[in-house]
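Enquirer: Here it is, the structure in full.
The values are calculated or read from the model by the stated rules, or taken from the named source; none is laboratory data. Here the structure is a predicted model, which means the values were calculated and not measured. All Cβ positions, glycine included, derive from the backbone under ideal geometry; neighbour counts span all protein chains shown. Side chains are part of the model used for accessible areas, which takes the heavy atoms of the whole protein and leaves out ligands, DNA and RNA. Shrake-Rupley method; radii C 1.70, N 1.55, O 1.52, S 1.80 Å.
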Amino acid sequence: MPNPALLAAGVSIGGGMLSANAQKKAANTASAAQQAAAEAGIAEQRRQFNVLRKLAQPYVDAGTKGLYGSMALVGLNGNVQQRNAINGIRNGVQFQTMVKSGEDAITSNASATGGLRGGNTEAALAQFRPQILSSLIDKQIANLSGLAANGQGAATGVGSAAQAMGSNISQLLDGMGSAQAGAALAAGRANANTWGGLSYSINDVLGQVKQPDGKAVF
(Lines give C-alpha, C1' and ligand atoms only; values in the text may rest on other atoms or scores of the structure.)
Protein backbone atom coordinates (compact mmCIF):
# COMPACT_ATOMS: atom_id res chain seq x y z
CA MET A 1 0.00 0.00 0.00
CA PRO A 2 1.46 3.42 -0.90
CA ASN A 3 2.89 5.42 1.93
CA PRO A 4 0.40 8.22 2.81
CA ALA A 5 3.25 10.62 3.45
CA LEU A 6 4.58 10.03 -0.04
CA LEU A 7 1.16 10.54 -1.54
CA ALA A 8 0.71 13.77 0.39
CA ALA A 9 4.12 14.99 -0.70
CA GLY A 10 3.38 14.18 -4.31
CA VAL A 11 0.11 16.08 -4.17
CA SER A 12 1.85 19.04 -2.51
CA ILE A 13 4.64 19.11 -5.06
CA GLY A 14 2.28 18.73 -8.00
CA GLY A 15 0.00 21.43 -6.65
CA GLY A 16 2.93 23.76 -6.12
CA MET A 17 4.17 23.28 -9.66
CA LEU A 18 0.71 23.85 -11.10
CA SER A 19 0.36 27.01 -9.02
CA ALA A 20 3.76 28.27 -10.18
CA ASN A 21 2.89 27.60 -13.81
CA ALA A 22 -0.39 29.43 -13.38
CA GLN A 23 1.39 32.42 -11.86
CA LYS A 24 3.94 32.53 -14.66
CA LYS A 25 1.23 32.20 -17.29
CA ALA A 26 -0.81 35.01 -15.72
CA ALA A 27 2.28 37.24 -15.51
CA ASN A 28 3.17 36.56 -19.14
CA THR A 29 -0.42 37.19 -20.24
CA ALA A 30 -0.54 40.51 -18.39
CA SER A 31 2.85 41.50 -19.80
CA ALA A 32 1.80 40.62 -23.34
CA ALA A 33 -1.41 42.64 -22.97
CA GLN A 34 0.50 45.67 -21.71
CA GLN A 35 3.05 45.39 -24.51
CA ALA A 36 0.30 45.06 -27.11
CA ALA A 37 -1.41 48.17 -25.72
CA ALA A 38 1.89 50.08 -25.78
CA GLU A 39 2.61 49.02 -29.38
CA ALA A 40 -0.90 50.09 -30.40
CA GLY A 41 -0.33 53.43 -28.69
CA ILE A 42 2.98 53.91 -30.51
CA ALA A 43 1.37 53.08 -33.85
CA GLU A 44 -1.47 55.55 -33.20
CA GLN A 45 0.99 58.27 -32.17
CA ARG A 46 2.88 57.82 -35.43
CA ARG A 47 -0.33 57.74 -37.48
CA GLN A 48 -1.57 60.97 -35.94
CA PHE A 49 1.82 62.63 -36.51
CA ASN A 50 1.86 61.58 -40.16
CA VAL A 51 -1.65 63.01 -40.62
CA LEU A 52 -0.56 66.32 -39.08
CA ARG A 53 2.61 66.45 -41.15
CA LYS A 54 0.61 65.78 -44.34
CA LEU A 55 -1.85 68.56 -43.49
CA ALA A 56 0.96 71.02 -42.73
CA GLN A 57 3.13 70.16 -45.74
CA PRO A 58 1.45 72.54 -48.26
CA TYR A 59 1.94 75.45 -45.83
CA VAL A 60 5.55 74.49 -45.25
CA ASP A 61 6.15 74.28 -49.01
CA ALA A 62 4.48 77.64 -49.63
CA GLY A 63 6.46 79.17 -46.76
CA THR A 64 9.71 77.91 -48.24
CA LYS A 65 8.88 79.47 -51.59
CA GLY A 66 7.87 82.69 -49.86
CA LEU A 67 11.15 82.82 -47.97
CA TYR A 68 13.29 82.27 -51.04
CA GLY A 69 11.16 84.67 -53.08
CA SER A 70 11.51 87.51 -50.57
CA MET A 71 15.24 86.80 -50.25
CA ALA A 72 15.58 87.12 -54.02
CA LEU A 73 13.70 90.43 -54.14
CA VAL A 74 15.83 92.05 -51.42
CA GLY A 75 19.05 90.81 -53.03
CA LEU A 76 20.09 88.16 -50.52
CA ASN A 77 20.43 85.56 -53.28
CA GLY A 78 22.63 87.76 -55.50
CA ASN A 79 22.14 90.42 -58.12
CA VAL A 80 21.05 88.06 -60.87
CA GLN A 81 18.18 86.60 -58.88
CA GLN A 82 17.15 90.03 -57.65
CA ARG A 83 17.08 91.35 -61.24
CA ASN A 84 15.08 88.34 -62.40
CA ALA A 85 12.59 88.74 -59.55
CA ILE A 86 12.07 92.43 -60.30
CA ASN A 87 11.72 91.75 -64.02
CA GLY A 88 9.14 89.13 -63.19
CA ILE A 89 7.04 91.81 -61.51
CA ARG A 90 7.67 94.35 -64.29
CA ASN A 91 6.58 91.88 -66.95
CA GLY A 92 3.65 90.61 -64.95
CA VAL A 93 0.00 91.15 -65.83
CA GLN A 94 -0.69 93.19 -62.70
CA PHE A 95 2.06 95.73 -63.41
CA GLN A 96 1.14 96.04 -67.09
CA THR A 97 -2.54 96.50 -66.30
CA MET A 98 -1.93 99.09 -63.60
CA VAL A 99 0.51 101.03 -65.78
CA LYS A 100 -1.84 101.10 -68.75
CA SER A 101 -4.80 102.21 -66.65
CA GLY A 102 -2.77 104.87 -64.87
CA GLU A 103 -1.12 106.27 -67.98
CA ASP A 104 -4.45 106.35 -69.79
CA ALA A 105 -5.90 108.30 -66.88
CA ILE A 106 -3.00 110.76 -66.86
CA THR A 107 -3.14 111.41 -70.61
CA SER A 108 -6.91 111.62 -70.63
CA ASN A 109 -6.88 114.19 -67.85
CA ALA A 110 -4.11 116.17 -69.58
CA SER A 111 -6.03 116.12 -72.85
CA ALA A 112 -9.16 117.37 -71.18
CA THR A 113 -7.31 120.23 -69.59
CA GLY A 114 -5.24 121.11 -72.64
CA GLY A 115 -1.93 120.11 -71.10
CA LEU A 116 -1.22 116.93 -73.02
CA ARG A 117 2.16 118.15 -74.19
CA GLY A 118 3.02 120.01 -71.04
CA GLY A 119 5.98 119.33 -68.79
CA ASN A 120 3.81 118.28 -65.87
CA THR A 121 2.23 115.51 -67.89
CA GLU A 122 5.56 114.23 -69.11
CA ALA A 123 6.95 114.30 -65.55
CA ALA A 124 3.90 112.43 -64.22
CA LEU A 125 4.24 109.78 -66.91
CA ALA A 126 7.97 109.42 -66.26
CA GLN A 127 7.43 108.95 -62.53
CA PHE A 128 4.39 106.74 -62.76
CA ARG A 129 5.98 103.46 -63.87
CA PRO A 130 8.80 103.50 -61.26
CA GLN A 131 6.27 104.33 -58.54
CA ILE A 132 4.01 101.46 -59.54
CA LEU A 133 6.96 99.05 -59.76
CA SER A 134 8.29 100.10 -56.35
CA SER A 135 4.83 99.73 -54.82
CA LEU A 136 4.39 96.26 -56.29
CA ILE A 137 7.85 95.16 -55.13
CA ASP A 138 7.05 96.24 -51.57
CA LYS A 139 3.69 94.51 -51.74
CA GLN A 140 5.27 91.33 -53.11
CA ILE A 141 7.88 91.29 -50.37
CA ALA A 142 5.13 91.65 -47.76
CA ASN A 143 3.10 88.85 -49.36
CA LEU A 144 6.09 86.54 -49.57
CA SER A 145 7.09 87.34 -46.00
CA GLY A 146 3.57 86.44 -44.88
CA LEU A 147 3.85 83.09 -46.66
CA ALA A 148 7.22 82.50 -45.04
CA ALA A 149 5.78 83.27 -41.59
CA ASN A 150 2.87 80.90 -42.15
CA GLY A 151 5.27 78.20 -43.29
CA GLN A 152 7.44 78.76 -40.24
CA GLY A 153 4.38 78.41 -38.02
CA ALA A 154 3.39 75.17 -39.72
CA ALA A 155 6.91 73.78 -39.44
CA THR A 156 7.05 74.76 -35.77
CA GLY A 157 3.75 72.99 -35.17
CA VAL A 158 5.06 69.81 -36.79
CA GLY A 159 8.24 70.08 -34.72
CA SER A 160 6.25 70.44 -31.51
CA ALA A 161 4.11 67.45 -32.48
CA ALA A 162 7.26 65.43 -33.16
CA GLN A 163 8.65 66.29 -29.72
CA ALA A 164 5.37 65.34 -28.05
CA MET A 165 5.24 62.09 -30.00
CA GLY A 166 8.81 61.26 -28.99
CA SER A 167 8.00 61.87 -25.33
CA ASN A 168 4.83 59.78 -25.48
CA ILE A 169 6.54 56.91 -27.29
CA SER A 170 9.36 57.00 -24.76
CA GLN A 171 6.84 56.62 -21.96
CA LEU A 172 5.13 53.74 -23.76
CA LEU A 173 8.46 52.01 -24.31
CA ASP A 174 9.24 52.43 -20.62
CA GLY A 175 5.91 50.79 -19.86
CA MET A 176 6.78 47.89 -22.15
CA GLY A 177 10.11 47.46 -20.40
CA SER A 178 8.44 47.54 -17.00
CA ALA A 179 5.91 44.94 -18.14
CA GLN A 180 8.66 42.62 -19.36
CA ALA A 181 10.65 43.11 -16.19
CA GLY A 182 7.55 42.50 -14.07
CA ALA A 183 6.81 39.26 -15.90
CA ALA A 184 10.39 38.06 -15.43
CA LEU A 185 10.32 38.90 -11.72
CA ALA A 186 6.96 37.19 -11.26
CA ALA A 187 8.26 34.07 -13.00
CA GLY A 188 11.36 34.15 -10.82
CA ARG A 189 9.30 34.42 -7.64
CA ALA A 190 7.04 31.58 -8.76
CA ASN A 191 10.04 29.35 -9.47
CA ALA A 192 11.63 30.24 -6.14
CA ASN A 193 8.41 29.46 -4.29
CA THR A 194 8.06 26.18 -6.17
CA TRP A 195 11.55 24.95 -5.38
CA GLY A 196 11.30 26.15 -1.82
CA GLY A 197 8.06 24.27 -1.34
CA LEU A 198 9.50 21.21 -3.06
CA SER A 199 12.49 21.19 -0.72
CA TYR A 200 10.25 21.53 2.31
CA SER A 201 7.96 18.72 1.13
CA ILE A 202 10.86 16.35 0.49
CA ASN A 203 12.37 17.02 3.90
CA ASP A 204 9.00 16.55 5.53
CA VAL A 205 8.44 13.25 3.75
CA LEU A 206 11.89 11.94 4.59
CA GLY A 207 11.23 12.74 8.21
CA GLN A 208 8.00 10.77 8.15
CA VAL A 209 9.03 7.71 6.17
CA LYS A 210 9.74 4.77 8.54
CA GLN A 211 12.07 1.84 8.11
CA PRO A 212 10.72 -1.66 8.79
CA ASP A 213 11.95 -1.42 12.39
CA GLY A 214 9.80 1.67 12.92
CA LYS A 215 12.69 4.15 12.97
CA ALA A 216 12.68 7.23 10.77
CA VAL A 217 14.96 7.11 7.74
CA PHE A 218 16.55 10.39 8.84
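Enquirer: Taking the condition of being more than 24 Å from A85 (Cβ to Cβ) and open to solvent by less than 40 Å² (accessible area, probe 1.4 Å), how many residues in the range 124-143 meet it?
Expert: Number satisfying all stated conditions: 1.
Enquirer: Name the residue, out of G177, G153, G182, G119, that is at pLDDT 90 or above and of a type in the set (G, A, S).
Expert: Matching residue, one of G177, G153, G182, G119: G153.
Enquirer: Considering only residues that are out of contact with any Phe, Trp or Tyr (no Cβ under 9 Å at 6 or more places or on another chain), surrounded by 14 or more Cβ atoms within 10 Å (Cβ to Cβ) and of a type outside the set (G, A, S), which ones fall in the range 144-172?
Expert: Of everything in the range 144-172, those that are out of contact with any Phe, Trp or Tyr (no Cβ under 9 Å at 6 or more places or on another chain), surrounded by 14 or more Cβ atoms within 10 Å (Cβ to Cβ) and of a type outside the set (G, A, S) turn out to be Q152, N168, I169, L172.
To keep it simple, each residue is scored yes or no on (1) at pLDDT 85 or above; (2) part of a helix (DSSP H, G or I); (3) in contact with a Pro (Cβ under 6 Å, 6 or more places away or on another chain); (4) hydrophobic (A, V, I, L, M, F, W, C).
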{"residue": "E39", "(1), (2), (3), (4)": "no, yes, no, no"}
{"residue": "G75", "(1), (2), (3), (4)": "yes, no, no, no"}
{"residue": "Q81", "(1), (2), (3), (4)": "yes, yes, no, no"}
{"residue": "I106", "(1), (2), (3), (4)": "no, yes, no, yes"}
{"residue": "L136", "(1), (2), (3), (4)": "yes, yes, no, yes"}
{"residue": "N143", "(1), (2), (3), (4)": "yes, yes, no, no"}
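Enquirer: Identify, from the list A162, A124, A148, the residue that is out of contact with any Lys or Arg (no Cβ under 6 Å at 6 or more places or on another chain), in a helix (DSSP H, G or I), without any contact (Cβ under 8 Å) to a residue 60 or more places away in the chain and among the hydrophobic types (A, V, I, L, M, F, W, C).
Expert: A124 is the lone residue from the list that is out of contact with any Lys or Arg (no Cβ under 6 Å at 6 or more places or on another chain), in a helix (DSSP H, G or I), without any contact (Cβ under 8 Å) to a residue 60 or more places away in the chain and among the hydrophobic types (A, V, I, L, M, F, W, C).
Enquirer: Hey, another quick one. Collect the residues in the range 64-83 that are more than 14 Å from Q140 (Cα to Cα), free of Cβ contacts under 8 Å to residues at least 60 places away in the same chain and not small (G, A, S), keeping them in residue-number order.
Expert: L76, N77, N79, V80, Q81, R83
Enquirer: Identify all residues within the range 68-81 that are surrounded by fewer than 18 Cβ atoms within 10 Å (Cβ to Cβ) and either at positive phi or touching a helix residue (DSSP H, G or I) at 6+ places or on another chain (Cβ under 6 Å) (or both); write none if there are none.
Expert: G75, N77, G78, Q81
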